[in-house]
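Contents: one structure, followed by commentary.
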Amino acid sequence: MTAAPGAGLGGGVAEASALPTAGDVASFVKGDPASGLKTLQLMVENVHCGGCVKKIERALAVEPDVQTGRLNLTTRRLTIEWIGPAGRGNTLVEKIEALGYPVVPFDPEALAIADNRYERELLKSMAVAGFATGNVMLLAVSIWAGHFSGMGDATRTFMHWVQALIVLPSIAYAGRPFFRSAIKALKAGTTNMDVPISVAVILTPAMSLFETIRQGDHAYFDSAIMLLFFLLIGRYLDSRARGVARSAVERLLALRAAAVTLLLPNGRTRSVRPEMLEAGQTVLVAAGERIGVDGTVKEGRSEIDTSAISGETVPVAAEPGARVFAGTVNLQAPLEITVRAVGEGTLLAEIVELMELAEQKRGRFVALADRIARSYAPLVHTLALGTFLGWWLVMGAAWQTALLYAIAVLIITCPCALGLAVPAVQVIASGRLMVRGILLKSATALERLAEVDTVVFDKTGTLTEGDLVLASAPIDPARLRLAAGLARNSRHPLARALVRAAPDAPLVRGVEERPGLGLAWPGEAGEVRLGRRDWVTEVALGTPAGEEAGIGPELWLGEPGRAPQRFVFMDQPKADAAATVAALRARGLEVQLLSGDRAGPVEALARVVGIETWRAGCRPDEKVAHLRDLSAQGRRVMMVGDGLNDAPALAAAHVSMSPASAVDISQTAADAVFQGRRLAPVVTTLDTALNTRRLVKQNLGMSFGYNILTVPIAVLGFVTPLIAAIAMSASSLLVVGNALRLNWAKEPAR
C-alpha cells in the first residue's frame, strides 16, 4: 500500500517520500485482547466533499465484521474498527483504494508535510492561472472591440494564436490538481467532482484551438482560463480551512506528555512513553511538569492547573485520593500518581475525539453546495451533448456548427455567477468585519451565524475580564499590607491578585511556602499563615472576619490571638457584558451561560449580566453534551468561549466565536475571532451575517434566473459563443455589484 509517485494528500501533490508507506498495515493495527476489536488509523487522499466521505463509509458499512468506519472530512483521518485478525486491515485498505482513494497509515507530521506541499502547488497554479487570465482578458477585450470596429481576419487570428500560446500551457500546468484527481477516479471506475471540472476546462480551449486553426471568428480561451482561476481559488481556500481545523487537534495532542517517570517497585525510576503504562502502575510527576496520565494522587500535596479540563483559572488542591488528568500541570510539589488510564483512554484523548467528531459534523454544512455541484455539472454536460446531437443528427447542421452551439451552452451555463454568488458577498462581509476587528475563519461561518437562535457564553475570560481582583469589603489596611507582603513570595494567581490590591506593601522575608496549603511566616507572636481556610483556622482564634464578603475564590490570613481575615476575589464582568446580553435578547435570541467554574460565582455573574439560564461545574464533554441537547431540540447554537476546555464545545456548536485573548486552540477551533476586550463584536457579527444571507439569496436567485433565461436561447442556437461569454461575464459582474451593496447596508433589527 504505497502512494503513487508524485501523489500527495488532498489532491495528489506531495511526493510519495513525504508520506509513510507500508506494504502490510498489520503492524499499524491496535488490538483489544479482551474484546478482539482491532483499530486502524489511516490518512485518505483525494477526499474533497461529503460525497467522497459517504462513498468510503458505505463501502466499509457493508462489511459484516467492520464495527466502525468513520472518515473525518477535515483531517482526512479514517478510523476502522473490526472484529478479526490484524491482517484483515490489508483487505479493507485494498477495497478503499479500489474506489480511487489511496491511503497510508495515519501520521500527523507526514500529513502536514504533504498538505503544505499541496498548498504550495495550488498557490503556484493560482499564480499561473491568474497571470494568464489577466493577460488573456486584455487580448479578449481587443478582439471583442474589433468585432464592432472592423478588425481584419488576419489580425484577429493572430491574437487568437497569442491567446492560445498563453492559455494552453497555463491550463496544462495549473489544471494538474483537478486532472490528476479525475484520472485516478476514472481509473478506479468511478467519478468525483473533479471529472466534470476537468471536462469543462479541457473542452473549451480544445474547441477554441480548433476554431483558431480554421481561422474562425470566435475563440474562448479567456472563459477557460478564468474558470480555472476561480476553481483554484476555491480549492485553496478549502484546503486552508481544513488545515486550520486540523491544527486545533494537533495542538491538543501537543498537550500530551512526551514521556513520564515510572516509579518501579524497587524505588528506582524509568522514563517511558505514556502509552507503555498499564493501569495500577505509579508515576512520579515533578513540580512544573505536565501530567501524562489520568489517575489518582497516591502521595504528596500540590496544586494543579486544571484550566485545560475545567476552565477554572484558580489552581485546585491535589492531595492523596484526588483525581488528576492528562494535560494538566503540577504546579508546586512532586506527586506520586496511580495510573487509571493512558493514551486513547484519557480525558484529553476524549476531548480530541470530540473535536474531530464535531469537525466532521461541521464539514457537512457544505453538503448543499456539494449536491448542487454534483447535480449541476452532469445536467449541463448532458444538455450540451443533447444540443450537439440535436443540431447535428436531427436538424442536419454541420458537426462544426452543432459543436459550436454545444460550446455556447457550456459557456453560457458556466457556473461562474453561481460560484461567485456566495463568495463575493462573503469576501465583502469578511472585509467589513475585519475593519471592525473581527476575523472570520470559516467559509460557511456567515451562513451559520445567520441561523443562530441561541447564544451560549463561557464565563471566565469571555463574559468576565479573566483577572481576579480583591472584592470590596471592609479590610484593615494594616492586615491587607501584611497579607500582600506575604503574598509577594508566591506566584499563585490569588497571591498575585492580593499584591495588586496593595502594590506598596513591602516584601516579608523568611516566608515558607507549604504546597497545597499556603504561606507560613514565623512572626514575633507566633506563626502567621496565608492560605486555605481549614489550614489557617488551626492557629487563629475567634470568629472569622469578612464572612459576609461576596462569592468567589478566597485566601485567609491567620495571626495568633486575632480572628482570621477572609480575602475574597472576584472576576469582574466585561464593561459591555450586560449591554451585549440585552442586545442579543432584544433580537429574539436566547442567551445561556455555561461554565466550568463553581456554582456561586457563575450564579452571581449571571445575575449581574442578565442571563437567566446558566450551568456551573461543566467539564468539556458536558458542555458538548449540552450543546447537542440544544441541537436535538432544533436550536441553532452559537458558542462564545476562550478557554482550552471550550475548544470541543466551540467545534461542536452550530457556529462559534472566540476573543483574540483566547488560547491558541480555542481560536483555532472557533469560526470567528474578535479583537478587544468588549463583547459588542458578537452583535455586530450576527447583524452582518443577516445582511449577508439576504444578499446571498438575491445573488443565487439572479444566477438561477440567468440560467433559466439564457439556456433555452443557447440551445435553440440564437447565441454565439462570443455572446455567451459576454453574458456569462455580465452575470458575474451583476452578482459582484449586488454584493457590494453590503458596504452601505444598515445593520438590520431582528
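Remarks
- Within the stretch 264-305, the set of residues being under 22 Å from A317 (Cβ atoms) and more than 36 Å from the chain's Cα centre (by Cα) comprises T282, K298, E299, G300, R301.
- Qualifying residue in the stretch 372-381 (condition: surrounded by fewer than 20 Cβ atoms within 10 Å (Cβ to Cβ), farther than 30 Å from N72 by Cβ and either more than 25 Å from the chain's Cα centre (by Cα) or modelled with pLDDT of 80 or more (or both)): yes
- Matching residues, the stretch 599-651, being in contact with a Gly (Cβ under 9 Å, 6 or more places away or on another chain), within 19 Å of L584 (Cβ to Cβ) and part of a loop (DSSP other than H, G, I, E, B): G641, D642
- Where strands (runs of 3 or more DSSP E) fall wholly inside the stretch 485-559, the ranges with 1 or more residues that are surrounded by fewer than 21 Cβ atoms within 10 Å (Cβ to Cβ), modelled with pLDDT of 85 or more and not hydrophobic (A, V, I, L, M, F, W, C) are 512-514, 518-523, 526-531.
- Of the residues examined, A127 is not one that is hydrophobic (A, V, I, L, M, F, W, C), crowded, with 18+ Cβ neighbours inside 10 Å, at negative phi and assigned to a helix (DSSP H, G or I).
- Residue match in the stretch 439-453 (condition: surrounded by fewer than 24 Cβ atoms within 10 Å (Cβ to Cβ), modelled with pLDDT of 85 or more and in contact with a helix residue (DSSP H, G or I) (Cβ under 6 Å, 6 or more places away or on another chain)): yes
Residues checked against (1) of a type in the set (A, V, I, L, M, F, W, C); (2) modelled with pLDDT of 85 or more; (3) assigned by TED's automatic domain parsing to the domain that holds S223:
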{"site": "S631", "(1), (2), (3)": "no, yes, no"}
{"site": "V637", "(1), (2), (3)": "yes, yes, no"}
{"site": "D646", "(1), (2), (3)": "no, no, no"}
{"site": "P659", "(1), (2), (3)": "no, no, no"}
{"site": "N738", "(1), (2), (3)": "no, no, no"}
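- Conditions (1) buried (at least 22 other Cβ atoms within 10 Å of the Cβ); (2) touching a helix residue (DSSP H, G or I) at 6+ places or on another chain (Cβ under 7 Å); (3) modelled with pLDDT under 90; number of the one not met by D576: (1)
- Restricting the stretch 443-500 to residues that are more than 38 Å from the chain's Cα centre (by Cα) and basic (K, R), the residue that is nearest to H626 (Cα to Cα): R488
- A132 buried (at least 18 other Cβ atoms within 10 Å of the Cβ), in a helix (DSSP H, G or I) and out of contact with any Phe, Trp or Tyr (no Cβ under 9 Å at 6 or more places or on another chain): no
- Boolean, V324 is buried (at least 22 other Cβ atoms within 10 Å of the Cβ), within 30 Å of D597 (Cβ to Cβ), at pLDDT 85 or above and touching a helix residue (DSSP H, G or I) at 6+ places or on another chain (Cβ under 9 Å): no
- D687 vs. criteria among the acidic types (D, E), within 32 Å of the chain's Cα centre (by Cα), at pLDDT 75 or above and farther than 25 Å from V136 by Cβ: yes
- Checking S208, S239 one by one, the residue that is of a type in the set (S, T, N, Q) and either out of contact with any helix residue (DSSP H, G or I) (no Cβ under 8 Å at 6 or more places or on another chain) or at pLDDT 80 or above (or both) is S208 and no other.
- Tally, over the stretch 211-237, of residues that are touching a Pro at 6+ places or on another chain (Cβ under 7 Å) and surrounded by 24 or more Cβ atoms within 10 Å (Cβ to Cβ): 3
- Evaluation of F148 against the conditions (1) within 26 Å of A730 (Cβ to Cβ); (2) hydrophobic (A, V, I, L, M, F, W, C); (3) modelled with pLDDT of 85 or more shows that the sole unmet condition is (3).
- Residue, surrounded by the fewest Cβ atoms within 10 Å (Cβ to Cβ), within the stretch 85-101, restricted to residues that are in contact with a strand residue (DSSP E or B) (Cβ under 9 Å, 6 or more places away or on another chain) and assigned to a loop (DSSP other than H, G, I, E, B): P85
- Qualifying residue in the stretch 716-734 (condition: small (G, A, S), modelled with pLDDT under 75 and not in a helix (DSSP H, G or I)): no
The values are calculated or read from the model by the stated rules, or taken from the named source; none is laboratory data. In this text the structure is predicted, and so the values were computed from the model without any measurement. Here Cβ is always computed from backbone atoms with ideal geometry, including for glycine, and neighbour counts include all displayed protein chains.
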